[in-house]
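One structure is given below, encoded as structure tokens.
The numbers here are math on the coordinates, done by the rules we state, and not lab data. Please read these numbers as outputs of a predicted model, since none were measured by experiment. Cβ placement follows ideal geometry from the backbone for every residue including glycine, while neighbour counts extend to all protein chains displayed.
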């Protein structure tokens, strides 16, 4: 008797793909809500120079 060997594998693949899409959409949403800036990743250094006499 030979029957289908991997009956549930299609559901597992579909679940992984849907899960990955949810993570990607959540990431883009967080990026958009942050105004397009990721906190902690700045290209410009923050330097402040205080000169005496002011």
Can you tell me the length gained on complete extension of the stretch residue 50 to residue 17, counting 0.36 nm per residue apart and subtracting the Cα distance?
6.5 nm
For 22, 49, what's the fewest-to-most ordering of other Cβ within 10 Å of each Cβ?
49, 22
